[in-house]
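The values are calculated or read from the model by the stated rules, or taken from the named source; none is laboratory data. Keep in mind that what you see is a predicted model, and the values were worked out from it rather than measured. Counting neighbours? That spans all protein chains shown, and the Cβs are built from the backbone with ideal geometry, glycine included. Surface areas here come from the heavy atoms of the whole protein model, side chains and all, with no ligands, DNA or RNA. Shrake-Rupley method; radii C 1.70, N 1.55, O 1.52, S 1.80 Å.
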Amino acid sequence: MPKYLHTMIRVSDPQATIAFFELIGLKEQRRLESEQGRFTLIFLAAPGDEDAQVELTYNWPAEGKTPEKYTGGRNFGHLAYRVENIYDTCQRLMDAGIPINRPPRDGHMAFVRSPDGISVELLQDGHLPPQEPWASMPNTGEW
């Protein structure tokens with residue numbers, strides 16, 4: 001029987017991406033660095049849900065070069081995480097300078113983007129009552 005292992009996304013700034021996912025509540029589970037392959041793999045998961053991981057793949061740039069910038073994150077689709085309180089999570093992200101592309105007007109769903117443009121859906125278990133400023137906040141970009 002198949003078992004979900006992880007979703008991999010390529011990143012150009014591992015520290016910025018880790019900080020982004022930590023704001024949602026994920027924690028680093030393990031890290032693998034390959035000198036020969038010139039890459040780093042970083043696995044993150046939500047506490048208590050360690051079987052559902054996101055793998056950040058960082059391909060080391062050639063000496064003297066800058067890291068590759070990945071575009072087209074929307075082509076990937078999105079990652080989705082259930083959060084304890086969607087309003088608190090979105091506020092933490094906003095306080096850190098992360099735009100909320102689709103605010104949680106309904107108390108249930110929001111969309112944000114990682115530093116590499118990966119769309120991340122945040123879902124509340126059930127629905128919280130609508131509250132300001134979220135209820136009247138417009139979308140700020142594609143989600």
Exercise. Give the stretch 117-134 a look and list any residue that's outside any loop (DSSP other than H, G, I, E, B) and open to solvent by 40 Å² or more (accessible area, probe 1.4 Å), or say none.
Key: Leu123
Practice problem: Report, by residue number, each residue of the stretch 29-51 that is under 19 Å from Val83 (Cα atoms) and more than 13 Å from the chain's Cα centre (by Cα). | Solution: Gln29, Pro47, Gly48, Asp49, Glu50, Asp51
Exercise. Show the residue pairs that are 6+ apart or on different chains and have beta-carbon atoms under 9 Å apart, the first residue being within the stretch 2-18 and closer than 9 Å to Tyr58 by Cβ, the second being among the hydroxyl-bearing types (Ser, Thr, Tyr) and open to solvent by 70 Å² or more (accessible area, probe 1.4 Å).
Key: Ser12/Thr66
Quiz item: Can you name every residue in the stretch 1-28 that is assigned to a strand (DSSP E or B) and not hydrophobic (A, V, I, L, M, F, W, C)?
Solution: His6, Thr7, Arg10, Lys27, Glu28
Quiz item: Between residues in the stretch 127-143 that are without any contact (Cβ under 8 Å) to a residue 60 or more places away in the chain and residues that are hydrophobic (A, V, I, L, M, F, W, C) and assigned to a loop (DSSP other than H, G, I, E, B), which pairs lie under 7 Å by C-beta distance while being six or more apart or on different chains?
Solution: Thr140/Ile100
Quiz item: If you go through the stretch 66-115, how many residues are out of contact with any Pro (no Cβ under 6 Å at 6 or more places or on another chain), assigned to a helix (DSSP H, G or I) and either without any contact (Cβ under 8 Å) to a residue 40 or more places away in the chain or of a type in the set (Val, Ile, Thr) (or both)?
Solution: 6
Self-check item: Members of the stretch 1-46 found to be open to solvent by 40 Å² or more (accessible area, probe 1.4 Å), aromatic (Phe, Trp, Tyr) and either closer than 21 Å to His78 by Cβ or modelled with pLDDT of 95 or more (or both), listed by number
Solution: Tyr4
Exercise. Please specify each residue of the stretch 94-116 satisfying the condition of being touching a helix residue (DSSP H, G or I) at 6+ places or on another chain (Cβ under 8 Å) and buried (at least 19 other Cβ atoms within 10 Å of the Cβ).
Key: Ile98, Ile100, Pro103, Pro104, Ala110, Val112, Arg113, Ser114, Asp116
